[in-house]
């Protein structure tokens with residue numbers, strides 16, 4: 001196949017039209033075509049409007065959310081600071097308690113003032129509340145109740161040996177701030193320390 005034919009074929013079948021660099025090369029006696037795709041700001045689709053992305057050796061389709069987020073990333077937009085359209089009252093009480101606990105460890109007057117403020121002022125001071133009183137996307141992920149959005153699930157598995165069966169499996173839901181606290185507690189609970197004298201005796 002001719003490199004120019006491939007180049008023009010890709011150009012005609014993509015929206016916006018994508019101009020790639022196609023070069024011919026030989027590897028172990030086999031003729032190959034190398035296609036270099038320049039990175040751009042726009043997310044490119046096929047002429048039929050289908051968006052795909054590379055995942056290993058596959059090219060699965062992208063969802064509308066995937067396309068929107070990739071476009072924002074390329075344009076330098078901060079998705080986390082955008083409004084989620086979720087009211088501030090949806091913030092989980094246990095997550096707000098955790099925020100104040102973390103602020104207690106910060107030895108500044110600003111942190112002390114935030115910790116003593118009401119929930120709305122606390123969220124605003126942390127940059128998790130928009131001007132219209134809605135939680136930002138970051139606010140929902142960190143502090144939102146599980147029913148407020150599609151919260152991710154953290155699955156923690158502990159094995160005593162790399163090849164052994166998991167003796168503990170935890171499924172953690174809810175606000176990310178609370179879920180992360182539970183995850184770190186679970187990890188710390190299962191940490192094992194080896195005395196130095198045992199290490200030296202094995203080495204000897």
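Here are some notes:
So that you can scan it fast, the table gives a plain yes or no per residue for (1) surrounded by 11 or more Cβ atoms within 10 Å (Cβ to Cβ); (2) closer than 14 Å to residue 87 by Cα; (3) modelled with pLDDT under 90:
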position: 135; (1), (2), (3): yes, yes, no
position: 154; (1), (2), (3): yes, no, yes
position: 160; (1), (2), (3): yes, no, yes
position: 164; (1), (2), (3): no, no, yes
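- Selected residue [under 25 Å from residue 2 (Cα atoms) and modelled with pLDDT of 85 or more] from 48, 63: 48
- The residues on offer are 18, 33, and the sole one that is touching a helix residue (DSSP H, G or I) at 6+ places or on another chain (Cβ under 7 Å), surrounded by 11 or more Cβ atoms within 10 Å (Cβ to Cβ), assigned to a strand (DSSP E or B) and not assigned by the TED database to the domain that holds residue 138 is 33.
- If you go through the stretch 6-31 and keep only what is more than 17 Å from residue 46 (Cα to Cα) and out of contact with any strand residue (DSSP E or B) (no Cβ under 9 Å at 6 or more places or on another chain), you end up with 27, 28, 29, 30.
- Single unsatisfied condition, residue 88 versus (1) out of contact with any helix residue (DSSP H, G or I) (no Cβ under 8 Å at 6 or more places or on another chain); (2) surrounded by 13 or more Cβ atoms within 10 Å (Cβ to Cβ); (3) assigned by the TED database to the domain that holds residue 119: (1)
- Residue in the stretch 112-120 that is under 21 Å from residue 142 (Cβ atoms), in contact with a helix residue (DSSP H, G or I) (Cβ under 6 Å, 6 or more places away or on another chain), in contact (Cβ under 8 Å) with a residue 40 or more places away in the chain and not assigned by the TED database to the domain that holds residue 41 present: no
- Contacts under 8 angstrom Cβ, first residue in the stretch 88-99 being without any contact (Cβ under 8 Å) to a residue 12 or more places away in the chain, partner outside any helix (DSSP H, G or I), 6 or more apart: none
- Test result for residue 123, in a helix (DSSP H, G or I), at pLDDT 90 or above and touching a strand residue (DSSP E or B) at 6+ places or on another chain (Cβ under 8 Å): yes
The values are calculated or read from the model by the stated rules, or taken from the named source; none is laboratory data. Since this is a predicted model, take the numbers as computed values, not measurements. As a convention, Cβ positions derive from the backbone with ideal geometry for all residues, glycine included, and neighbour counts pool all protein chains shown.
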